[in-house]
Amino acid sequence: MGNDTSRRPLIGIDVGGTKIEAVLLDESGAVAGTLRIPARRGADLVVDDVCAIARDVAGDRLADVTRVGIGTPGQVDSATGRIANVVNLDVTELELGALVSQRLGVPVHVDNDVNAAAVGAAAVVLGEDLDGTVVFLNFGTGLAAGILIDGVLQHGSSGAAGEIGHVPVDPNRFPCPCGQAGCLETVCSGASVARLWPTDDGVPPMPDLIARARAGEQAAGRVLGIVVHAIVDTLQIAAQSVDPKTIILGGGMAKTGEPLVEVIVDELRTREAACPFLKGLDLASRLRLAPFDLPTAAIGAALA
Ligand SMILES: [Zn+2]
């Protein structure tokens, strides 16, 4: 993001349901520091913790910091910095941007966590080459997409752009907490896969599911079929809506890595065999995995 260089250093903070992570980006855009603390519940503590981690990650450079970016779950009004209904943190309504800005004396931008992760993943995967459209699919606890055009986040008219997890197209018609049935999120989010394929504590379900399906376990094959069908539906809906040059797979489920890409590509090839139009799009060639060795959501919060 070369045009931003003059405005650094920047602080990025990723507020999650269980942890808060912060990065300091120096003038060259390099990560100059990272910190992680456990998240505490309640509006006052969220503000305290965000301010504390910002001060700590900046150290004696706080006075030079030109902007603090925050990514958070829940409903986010990125124009005002107000957040609402962050269930995991017991926050009903909070003027997060204004309060943090007041205390730190630095301008603050707040965006939703998936959008921040999208910006961070795109910056890390693509570097300065951000021309064109990029879709970031977040297969996290929930399912949502972040859309960037020429490096700029697309929020839509009400902030709901990319809320693809609640498109109700899955034939299994599982009920969704949103009130509909058959939402993509009920089948191919991290929480849904954990429900459809329960594993022992600490064993991530997706790699286990793929390994067992490959070993010929029938039940695993059936569940994997349901999950991958929905993942590829998600991918096609996003890709055929905005025709991105790059589709980045992110969120906890994407930590499965290459085995996940392989099952997705297999399903795409099956569909392409029946559809020359889809074959022509060659969506497989546009797929990239989000990097997991860097705090991409916090980096994205700084850059968003
Ligand atoms: Zn839903």
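Laid out as a table, the results:
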{"item": "Unique residue being at pLDDT below 95 and charged (D, E, K, R) when the list is D282, D266, D293, D233", "result": "D293"}
{"item": "Any hit, segment 283-294, residues being of a type in the set (G, A, S) and more than 19 Å from the chain's Cα centre (by Cα)", "result": "yes"}
{"item": "Conditions (1) more than 24 Å from S192 (Cα to Cα); (2) more than 20 Å from the chain's Cα centre (by Cα); number of the one not met by D90", "result": "(1)"}
{"item": "Residues located in segment 144-161, provided they are buried (at least 19 other Cβ atoms within 10 Å of the Cβ) and either at negative phi or not assigned by TED's automatic domain parsing to the domain that holds I247 (or both)", "result": "A144, A145, G146, I147, L148, L153, H155"}
{"item": "Set G132, G120, G127, G74: member being within 26 Å of P291 (Cα to Cα), open to solvent by 10 Å² or more (accessible area, probe 1.4 Å), in contact (Cβ under 8 Å) with a residue 40 or more places away in the chain and not hydroxyl-bearing (S, T, Y)", "result": "G132"}
{"item": "Failed item, numbered, when C183 is tested on (1) open to solvent by 30 Å² or more (accessible area, probe 1.4 Å); (2) farther than 12 Å from A118 by Cβ; (3) more than 14 Å from the chain's Cα centre (by Cα)", "result": "(1)"}
{"item": "Of residues in segment 133-157 being outside any strand (DSSP E or B) and closer than 18 Å to V86 by Cα, the one nearest to the ligand (Cβ to nearest atom)", "result": "G142"}
{"item": "Flag if V242 is within 22 Å of C183 (Cα to Cα), among the aliphatic types (A, V, I, L, M) and open to solvent by less than 80 Å² (accessible area, probe 1.4 Å)", "result": "yes"}
{"item": "L249 in a helix (DSSP H, G or I), crowded, with 19+ Cβ neighbours inside 10 Å and more than 16 Å from the ligand (Cβ to nearest atom)", "result": "no"}
{"item": "Complete set of residues in segment 33-69 that are among the basic types (K, R) and in a loop (DSSP other than H, G, I, E, B)", "result": "R40, R41"}
{"item": "Where G69 falls short, out of the listed (1) out of contact with any Gly (no Cβ under 9 Å at 6 or more places or on another chain); (2) modelled with pLDDT of 95 or more", "result": "(1)"}
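Rundown of residues vs (1) of a type in the set (V, I, T); (2) closer than 30 Å to V110 by Cβ, yes/no style:
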{"site": "G156", "(1), (2)": "no, yes"}
{"site": "G182", "(1), (2)": "no, no"}
{"site": "V187", "(1), (2)": "yes, no"}
{"site": "R195", "(1), (2)": "no, no"}
{"site": "D201", "(1), (2)": "no, no"}
{"site": "D208", "(1), (2)": "no, no"}
{"site": "A220", "(1), (2)": "no, no"}
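Residue by residue, here is whether (1) in contact with a Lys or Arg (Cβ under 9 Å, 6 or more places away or on another chain); (2) open to solvent by 50 Å² or more (accessible area, probe 1.4 Å); (3) within 16 Å of the ligand (Cβ to nearest atom) holds:
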{"site": "E163", "(1), (2), (3)": "no, yes, yes"}
{"site": "R173", "(1), (2), (3)": "no, yes, yes"}
{"site": "G190", "(1), (2), (3)": "no, no, yes"}
{"site": "R195", "(1), (2), (3)": "no, yes, yes"}
{"site": "D201", "(1), (2), (3)": "no, yes, no"}
{"site": "Q218", "(1), (2), (3)": "no, yes, no"}
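The values are calculated or read from the model by the stated rules, or taken from the named source; none is laboratory data. Source: prediction; values computed, not measured. Ideal geometry is used to build each Cβ from the backbone, glycine not excepted, and the neighbour counts take in all protein chains shown. Quick note on the areas: whole protein, heavy atoms, side chains included, nothing else; ligands and nucleic acids left out. Shrake-Rupley method; radii C 1.70, N 1.55, O 1.52, S 1.80 Å.
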